[in-house]
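First the structure, in the form of structure tokens, and then the observations on it.
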Amino acid sequence: MGFRWPEKTSNSLSRVADKEEAVVAPAIAGPTLSTIEENPDPPRFHMPLPQKTLAELAVDIALEEVRKGVFETNNDNRGERIDEYQKSANGVMAEAWCAKFVFWCFEQASARRYTKNPMPKIFAARAFELWATRERKIVEVPELGDVLILEHRHVGIVAGAPTSTGTIPSVEGNTWARSTFQNRREGVYALQKQKISKCTFARLV
């Protein structure tokens, strides 16, 4: 006669077996036929937009100043914001500041890119033009972000492509627009009037 479990033990083992048979493996998430049919195309990965050049960033910063509305207090080369340009350049207040404004724009752009400002601390237009000539920075066809020197005496930054009428968009400080000299309000302006034939252009980067 073979061994037999006691009845209570036998019933307990039977219940355990039933429970083990009832255990269901957890479902593993994954695509089903229905989801594949609904989304037949694989996911698309978008390439990041190219980073702006230092010169392009300097133009954006210059245009930000236009939008803020930067003006001299009494047409005296002074003003809260203008003093910041002066301090960034050489710290001398009340000087002509057209080149200092362009220098400040490149200084801000360079800080955002963690790189050195490519514009030298030369704030007389003619002296800067001579430096650019010596360093072979002068270009014939202007591009966005080039530095313009108007008639050897005034400095701005190119803000767009040359027009069909022979002018170039620019952002300039220490200037005025839409008024006579007597009624001027000097500050930072976006202009569309500078004739290419009267300008020299320097490409810093």
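Odds and ends about this structure:
- Scanning the range 166-190 for residues that are within 30 Å of Glu80 (Cβ to Cβ) and without any contact (Cβ under 8 Å) to a residue 40 or more places away in the chain gives Ile168, Pro169, Ser170, Trp176, Ala177, Arg178, Ser179, Thr180, Phe181, Gln182, Asn183.
- Taking the range 40-73 as the range and being polar (S, T, N, Q) and modelled with pLDDT of 95 or more as the test, the residues that pass are Thr53, Thr73.
- Residue within the range 133-154 that is closer than 19 Å to Leu63 by Cβ and basic (Lys, Arg) present: no
- Residues being in a loop (DSSP other than H, G, I, E, B), touching a residue at least 40 places away in the same chain (Cβ under 8 Å) and out of contact with any Lys or Arg (no Cβ under 8 Å at 6 or more places or on another chain) - total across the range 56-75: 1
- Total residues in the range 74-125, condition on the phi > 0 side of the Ramachandran plot and of a type in the set (Asp, Glu): 0
- Here the helices (runs of 4 or more DSSP H) wholly within the range 76-165 that include at least 1 residues being surrounded by 19 or more Cβ atoms within 10 Å (Cβ to Cβ) and free of Cβ contacts under 8 Å to residues at least 24 places away in the same chain are 80-89, 98-113.
The values are calculated or read from the model by the stated rules, or taken from the named source; none is laboratory data. Just so it is clear, the model here is predicted, and its values are computed rather than measured. Please note: Cβ atoms are built from the backbone with ideal geometry, for glycine as well, and neighbour counts cover all protein chains shown.
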